[in-house]
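To start, the structure under review is shown below, and the notes come after it.
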Amino acid sequence: MNRQLTEKDIIDMSYVDFLALLNETNRPPGGKDSVRRIAINSFIDSNSRVLHSGCNTGYCSFEIVHLVKCNVVAIDINKNMVLAAKNKLKLEPNLFKKKFSFQVGDAHKLKFKSDSFDLVFSGGSTAFMSDPSRVVREYKKVCKPYGFVGDMCLFYKKLPPTNLLNKVNKLLNIKIKHWGKEYWLSLYNNEDLELYYDYTNDMPYDPTNKKIREYSKKMVELSLDNYPNNVKRVAVEKLFEYMTLFNKNNKYLSYCVLLFRKDISRKQISLFGK
Ligand SMILES: C[S@@+](CC[C@H](N)C(=O)[O-])C[C@H]1O[C@@H](n2cnc3c(N)ncnc32)[C@H](O)[C@@H]1O
C-alpha cells in the first residue's frame, strides 16, 4: 500500500499484516537461546547442510548461519515471507550471502533429495501446518542417516481458560489442539526418530504489563515514525492489546527445544540410561 494508512486501516488490519507493517521479527519460542541449543547439540559445522522449515522472515536461518556459518535452505509456503527474507538477505555481508537459499515450498511435499540434510529443523512452525505427521515424515526423509531433526515447540503446562484460548485461536487463525509436551514427543517418536536432546523452559510472563506498554510504544515509534499522532496512538493500542493477550496466554505456556536423531541401526532397548 503506497498511501499513508488511516486510523481505520490500522483498526481493520489483520494480525499478520499489522505485524508485517511494524517489521516485527517472528522469533521462535526461547529466541536466540533456542537456536543456539539446536546449533550446538546437532553438531553441525560450516560444511553442514541445514533445512529450516516454515522460515517466515528467516530469523532462525540468519541466526544459525551467523553462529555456525553452515549452508541453509529455508522454505516457507507464504511467498511474501520468502520475499521479506530475501530482502533481509541483501543486508548480509557478502561472506554470508552465498550461505542462504530462501525458497517458496510446502513442508508436506519437500522437493529435496532423500538423505541430503545434516539438520532439518523448525522454529515452532510445525504447529502451524495442517498435517504435522506427514511433515515429520518429510523431515525424516530428507535428513541424512544419523542426522538430526529439531523443533521448538510451545505447549500448555496447564489448561488456559476457554475464552482466552478462543481469543488466541481467533487472532492467529489456528485451532490450537496440542495440549501437552507428550503430543510433540509422540509426533516425532511415531516416525521412529530417536529423542536425543530435550530442553524445557517456561515462557516469559510479565504480570505488570508495564514492559508491554513500553514495547508497544517503541515498536510503533520505530516503524511508523512519520505517521500522524492519532494513527500512531491507534497502532500502539492495537499492539498493546495483542501483546497483553499473548502475555496472559504465556502464563500457561512452556516450550521445549527438541532434537531427534535419524538412527538407522537396529535399536536395542536399554534399562539404565540411553
Ligand atoms: C508463525 S511462523 C513461525 C516462524 C518461526 N518462529 C521461525 O522463526 O522459524 C509459521 C510459519 O510457517 C509457515 N507455514 C505454514 N504452513 C507451512 C507449510 N505447509 N510449509 C511451509 N511453511 C509453512 C507460515 O507461512 C509461517 O511463516
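Considering only residues that are outside any helix (DSSP H, G or I) and of a type in the set (Val, Ile, Thr), which ones fall in the range 31-51? Walk me through it before giving the result.
To start, the set of residues in the range 31-51 that are outside any helix (DSSP H, G or I) comprises 42-51.
If the condition is that a residue be outside any helix (DSSP H, G or I) and of a type in the set (Val, Ile, Thr), then 44, 50 are the ones that fit.
Look at residue 133 and say whether it is of a type in the set (Gly, Ala, Ser), away from the ligand (no atom under 16 Å from the Cβ), farther than 19 Å from residue 27 by Cα and in contact with a helix residue (DSSP H, G or I) (Cβ under 9 Å, 6 or more places away or on another chain).
On the way: of a type in the set (Gly, Ala, Ser): yes; away from the ligand (no atom under 16 Å from the Cβ): no; farther than 19 Å from residue 27 by Cα: yes; in contact with a helix residue (DSSP H, G or I) (Cβ under 9 Å, 6 or more places away or on another chain): yes.
Judged against the criteria, residue 133 is not a match.
If you go through the range 186-210 one residue at a time, how many are surrounded by 13 or more Cβ atoms within 10 Å (Cβ to Cβ), assigned to a strand (DSSP E or B) and acidic (Asp, Glu)?
2
Given the criteria in contact with a Gly (Cβ under 7 Å, 6 or more places away or on another chain), more than 11 Å from the ligand (Cβ to nearest atom) and either small (Gly, Ala, Ser) or farther than 24 Å from residue 260 by Cβ (or both), does residue 42 qualify? Outline the logic, then answer.
Numbers: in contact with a Gly (Cβ under 7 Å, 6 or more places away or on another chain): yes; more than 11 Å from the ligand (Cβ to nearest atom): yes; either small (Gly, Ala, Ser) or farther than 24 Å from residue 260 by Cβ (or both): yes.
Yes.
For the range 111-122, check the following and say yes or no: at least one residue is at pLDDT below 95, closer than 28 Å to residue 185 by Cβ and within 16 Å of the ligand (Cβ to nearest atom). I'd like the intermediate steps shown before the answer.
The initial filter retains those residues of the range 111-122 that are at pLDDT below 95, namely none.
The answer is no, given that none of the residues of the range 111-122 is at pLDDT below 95, closer than 28 Å to residue 185 by Cβ and within 16 Å of the ligand (Cβ to nearest atom).
Could you pull out the residue among 50, 35, 65, 16 that is near the ligand (Cβ under 10 Å from one of its atoms), among the aliphatic types (A, V, I, L, M) and modelled with pLDDT of 90 or more? Working first, answer last.
Details: 50 fails: near the ligand (Cβ under 10 Å from one of its atoms); 65 fails: near the ligand (Cβ under 10 Å from one of its atoms); 16 fails: modelled with pLDDT of 90 or more.
Selected residue: 35, the only one of 50, 35, 65, 16 that is near the ligand (Cβ under 10 Å from one of its atoms), among the aliphatic types (A, V, I, L, M) and modelled with pLDDT of 90 or more.
For residues in the range 225-266 being of a type in the set (Asp, Glu) and more than 24 Å from the chain's Cα centre (by Cα), which is farthest from residue 12 (Cα to Cα)? Before you say what the answer is, go through the steps one by one.
If we filter the range 225-266 for residues that are of a type in the set (Asp, Glu), which is where we start, we get 225, 237, 241, 263.
From the residues that got through so far, the ones that are more than 24 Å from the chain's Cα centre (by Cα) too are 225, 237, 263.
Numbers: 225: 20, 237: 13, 263: 49 Å.
Among those residues, the one meeting the criterion is 263.
Inspect the range 66-75 for any residue being touching a helix residue (DSSP H, G or I) at 6+ places or on another chain (Cβ under 8 Å), within 25 Å of residue 111 (Cβ to Cβ) and part of a loop (DSSP other than H, G, I, E, B) and give the result as yes or no.
Checked the range 66-75: at least one residue is touching a helix residue (DSSP H, G or I) at 6+ places or on another chain (Cβ under 8 Å), within 25 Å of residue 111 (Cβ to Cβ) and part of a loop (DSSP other than H, G, I, E, B).
Would you point out which residue out of 100, 96 is free of Cβ contacts under 8 Å to residues at least 40 places away in the same chain, touching a Leu at 6+ places or on another chain (Cβ under 9 Å), more than 20 Å from residue 136 (Cα to Cα) and more than 10 Å from the ligand (Cβ to nearest atom)?
Numbers: 100 fails: free of Cβ contacts under 8 Å to residues at least 40 places away in the same chain.
From the options 100, 96, the qualifying one is 96.
Check residue 220 against each of (1) surrounded by fewer than 15 Cβ atoms within 10 Å (Cβ to Cβ); (2) among the β-branched types (Val, Ile, Thr); (3) over 30 Å from residue 134 (Cα atoms) and name the one condition it does not meet.
(1)
With the condition kept exactly as written, say whether any residue in the range 118-140 is touching a Pro at 6+ places or on another chain (Cβ under 6 Å) and farther than 16 Å from residue 55 by Cα. Walk me through how you get there before you give the answer.
Going residue by residue through the range 118-140, those that are touching a Pro at 6+ places or on another chain (Cβ under 6 Å) are 123-124, 126.
The next check asks that each one be farther than 16 Å from residue 55 by Cα; those that pass are none.
There is no residue in the range 118-140 that is touching a Pro at 6+ places or on another chain (Cβ under 6 Å) and farther than 16 Å from residue 55 by Cα.
When only residues in the range 141-170 that are more than 16 Å from the ligand (Cβ to nearest atom) and part of a helix (DSSP H, G or I) count, which is nearest to residue 242 (Cα to Cα)?
Checked the range 141-170; the qualifying residue nearest to residue 242 (Cα to Cα) is 167.
The values are calculated or read from the model by the stated rules, or taken from the named source; none is laboratory data. Just so it is clear, the model here is predicted, and its values are computed rather than measured. Neighbour counts run over all protein chains shown; Cβ positions are idealised from the backbone, glycine included.
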